[in-house]
Structures are given as structure tokens and as C-alpha cells.
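Written below as C-alpha cells is the structure these notes are about.
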Amino acid sequence: MVIGKPFLTVEQIQNRVKELARKISGDFNGKEILAVGILKGAFMFFADIVRHIDVPMKIDFLIASSYVKSQTSGEINIFADVREDIKGRDVLLIDDIVDTGLTLKYIHDMLLAKNPASLKICTFLDKKTRRKADLKIDYTGFEIPDNYVVGYGLDFDGRFRNLPYISVFKESI
Ligand code: 5GP
């Protein structure tokens with residue numbers, strides 16, 4: 001297993017997170033956000049960005065999984081659902097990475113069925129060229145090429161989530 005040098009450094013990440021948080025704070029001015037983080041991958045991005053969002057907020061999480069090792073399995077499992085009442089709320093769904101978009105589309109539609117006042121999506125990374133689902137992403141940290149990345153919450157087989165930066169992962173050189 002090989003991970004390369006940082007593809008996105010701690011400094012680049014932290015600067016972009018602050019920029020995104022400023023934009024979100026402006027857009028949600030006068031409202032209360034219900035921020036919903038998708039675990040496990042979004043835990044680090046979520047914890048960083050909510051600290052910089054300057055608007056009243058409640059937080060909740062759901063646990064979803066669609067990947068087996070580094071291959072998409074096509075199957076989406078929800079292990080734990082949100083507990084807050086979604087109806088009439090201004091929901092901000094926060095995820096780590098959008099690839100095909102199938103996972104997020106599934107979660108988005110599931111939450112939309114609960115009649116929020118609004119439902120916006122914020123993702124840290126976006127592999128736009130791989131998109132299969134028709135999904136509007138409202139806030140993106142970085143668009144990245146089609147490489148498998150780890151760190152900053154993202155894993156390979158459960159590992160590397162604790163790295164404070166993003167690296168490209170390869171099983172062998
Ligand atoms: P999608 O349904 O958009 O194809 O897949 C989204 C999920 O796949 C993400 O939430 C993440 O868990 C996983 N995923 C997609 N690309 C990557 C990647 O490059 N690295 C890691 N660690 N996970 C990824």
C-alpha cells in the first residue's frame with residue numbers, strides 16, 4: 001500500500017474550509033441550519049467547517065456506506081438515520097466526497113421526502129467526471145481528478161482517516 005505526498009495540504013484545506021464557511025454563513029443569514037453530516041467519511045470536514053459557520057445551528061449525523069475497499073459496490077446501506085425532525089428545517093447535508101453521486105442522491109431524496117424547508121449539499125471533494133446521478137452540489141471544497149484519495153476523514157479499508165491532509169492512494173507502485 002502506498003500513499004503519495006499530500007495532494008491537498010493542511011493549509012490548503014483549512015483555507016478553503018474557511019472560505020466555504022463564509023459563503024454558507026452569508027447564504028443562510030437569518031436562518032437556523034440543521035447540519036447533517038454523513039459518517040464516517042465527513043467527520044473531519046464536518047467538525048472543521050461547522051466551527052467557522054457563523055449562523056445558529058443544530059447538528060445531526062447519519063451513517064451510510066456504499067464502498068467495499070476502494071471499489072464501489074453499487075449498494076447503499078444506511079446504518080443510522082437522522083434523529084432530528086427534518087420537516088420545515090433548512091438542512092445542509094455535509095459529505096466527504098461525491099464520486100458517481102449515487103450515495104448522496106439516495107440520501108438527498110430520502111431527506112427531501114421528509115419535507116425540509118430547504119435542502120442544500122456541501123461536499124469537501126468532487127470527482128465531477130465520474131458523475132452518474134443527477135444531483136446539484138451547492139458547495140464544493142475542491143474538484144479533483146479520478147484518483148482514489150485518502151486522509152481528512154477518507155479511508156482505505158478503514159485506515160488513513162486520521163491524516164490531516166489528502167493523499168492519493170495506490171495498492172502498489
Ligand atoms: P458515490 O456514491 O458518489 O460513487 O460514492 C461516494 C462515497 O464513496 C463517498 O462518500 C466515499 O465514502 C466513497 N469514495 C468515493 N471516492 C472515494 C475516494 O477517492 N476515496 C475514498 N476514501 N472514498 C471514496
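The values are calculated or read from the model by the stated rules, or taken from the named source; none is laboratory data. Not measured: the values here are computed from a predicted model. FYI the Cβ positions are ideal-geometry reconstructions off the backbone, even for glycines, and counts take in every protein chain you see.
The table below gives the values:
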item	result
Test set (1) within 16 Å of the ligand (Cβ to nearest atom); (2) without any contact (Cβ under 8 Å) to a residue 12 or more places away in the chain - Ala47 fails condition number	(1)
Residue match in the stretch 25-41 (condition: more than 12 Å from the chain's Cα centre (by Cα) and in a strand (DSSP E or B))	yes
Subset of the stretch 104-121 [within 15 Å of the ligand (Cβ to nearest atom) and either aromatic (Phe, Trp, Tyr) or in contact with a helix residue (DSSP H, G or I) (Cβ under 7 Å, 6 or more places away or on another chain) (or both)]	Tyr106, Ile121
Phe61 being part of a strand (DSSP E or B), surrounded by 13 or more Cβ atoms within 10 Å (Cβ to Cβ) and more than 10 Å from the ligand (Cβ to nearest atom)	yes
Odd one out for Arg130 among (1) within 10 Å of the ligand (Cβ to nearest atom); (2) within 12 Å of the chain's Cα centre (by Cα); (3) free of Cβ contacts under 8 Å to residues at least 40 places away in the same chain	(2)
Any hit, the stretch 81-94, residues being within 13 Å of the ligand (Cβ to nearest atom), of a type in the set (Val, Ile, Thr) and assigned to a strand (DSSP E or B)	yes
Verdict on Phe28 being more than 15 Å from the ligand (Cβ to nearest atom) and of a type in the set (Phe, Trp, Tyr)	yes
Extreme residue, nearest to Ala35 (Cα to Cα), among residues of the stretch 127-140 that are in contact with an Asp or Glu (Cβ under 8 Å, 6 or more places away or on another chain) and not in a loop (DSSP other than H, G, I, E, B)	Thr140
Flag if Gly101 is within 10 Å of the ligand (Cβ to nearest atom) and of a type outside the set (S, T, N, Q)	yes
One residue from Leu8, Leu112 being of a type in the set (A, V, I, L, M) and free of Cβ contacts under 8 Å to residues at least 24 places away in the same chain	Leu112
Residue in the stretch 93-105 that is exposed (fewer than 13 other Cβ atoms within 10 Å of the Cβ) and modelled with pLDDT of 95 or more present	no
Complete set of residues in the stretch 148-161 that are of a type outside the set (Phe, Trp, Tyr) and closer than 16 Å to Gln14 by Cβ	Gly151, Gly153
Condition check for Asn115: in a loop (DSSP other than H, G, I, E, B) and out of contact with any Pro (no Cβ under 6 Å at 6 or more places or on another chain)	yes
Candidate set from the stretch 141-159 (those that are more than 8 Å from the ligand (Cβ to nearest atom), in contact with a Phe, Trp or Tyr (Cβ under 7 Å, 6 or more places away or on another chain) and in a loop (DSSP other than H, G, I, E, B)); member that is nearest to Ala42 (Cα to Cα)	Gly153
